[in-house]
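Every number in this text was worked out from the coordinates using simple rules, so none of it is lab data. Since the model is a prediction, treat every value here as computed from it, not as a measurement. No Cβ is skipped: glycine too gets one built from the backbone with ideal geometry, and neighbour counts run over all protein chains shown.
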Amino acid sequence: MKADPATSDPELDRDLRALFAGVAQPVAPASLSRTVEELPECGRAGLGAGLRRRAEELFGRPARVAMGAGAIVLAIAVAALVLNLRGGQPATSGVTTASSSPTVISKEAAVAAAEEFIGRPLGAVDISDPTAWPAGRYVEIMEQGGGADVWVDAATGKVVFMMLSAPMTTAVNFTPEQAQSAAAGFLTAHNVPFDGLTATVALLDHHSSKEYTVTWQRYANGASVPDMREVSVDPATGQVFSFMDRRVAYGPVPSPALGRDQAIAKAIVASGLSAPTVVDVQLLVDSSPIWPGRLVWSVQLSQQVPEPGSSLTYVSAYWVYVDAVTGETKITGQG
């Protein structure tokens, strides 16, 4: 699926690139630049609960919806639409998750856990049946009319995702250090451990609003592994409005047999592009349905190519996994 020359947007392309590059590892919101409300109409078409759920299945993480504004802060559903057009199907992950035991929590208990976590009673809610994702199974509690979206782990009763109304402000009254302190305080107050994880702070500009995101990521043997906490902070007030705790069990992380440059060379051959630009390269342990448990180089390539029969050009982009041990390649996305 190539970009429509009439609506091609470098920032949108970068957003989709970040999403595809992050299929195995959740992408920090700072990697993205647009809300769905700001995407071209063709990109928004078809977004809804079913597509959102599809996105969650494919990417193994929530599609974060700014309830009050009605904007999807992470355009995961758009990337899921691209995968749907490519015929991608979610698969059962071979990675053993930390919460794969049978459901032990009732819907009533899940609501109680959500209310305790956000610190207030919920209004009328919609409650899902237990749903699988790479980190286990969750029960989703969505407050009707907007306001709160909470995932409760079906086995442990712990909240693993929370989204409140996103701020609609461009004011920045807090420093990155203050934002990290607020995020760390939130995790500590909710007994969510983050020791041994590396923190990064970024200020994300959605054009119509801004947010701080603080991400704690674990690394093993030089690779990012599926152990992450992420907190979003209102830059005007310092209030936390979003939270994610994603932990997927993984085995020992081997040393890569292929170096970065070798992986890039293999990715270029697999893509078929003649002279691509290397946009992004990451070494990670995959926890998605693509190559669960494998150590891979995730390589994103792009190249400006002519539109057939036209003087216009478009960006041809490929997202390629290269097995860091065997050298096997797999196209994971194309746009």
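Where strands (runs of 3 or more DSSP E) fall wholly inside the stretch 187-296, the ranges with 2 or more residues that are under 20 Å from Tyr321 (Cβ atoms) are 210-220, 223-233, 277-285. Identify all residues within the stretch 126-151 that are within 18 Å of the chain's Cα centre (by Cα) and either of a type outside the set (Val, Ile, Thr) or closer than 21 Å to Val240 by Cβ (or both); write none if there are none. Matches in the stretch 126-151: Ala132, Trp133, Pro134, Ala135, Gly136, Arg137, Tyr138, Glu140, Asp149, Val150, Trp151.
Scan the stretch 168-227 for residues that are without any contact (Cβ under 8 Å) to a residue 60 or more places away in the chain, among the hydroxyl-bearing types (Ser, Thr, Tyr) and in contact with a strand residue (DSSP E or B) (Cβ under 6 Å, 6 or more places away or on another chain) and the total you get is 3. Going through (1) in a loop (DSSP other than H, G, I, E, B); (2) surrounded by fewer than 18 Cβ atoms within 10 Å (Cβ to Cβ) one by one, Pro167 falls short only on (2).
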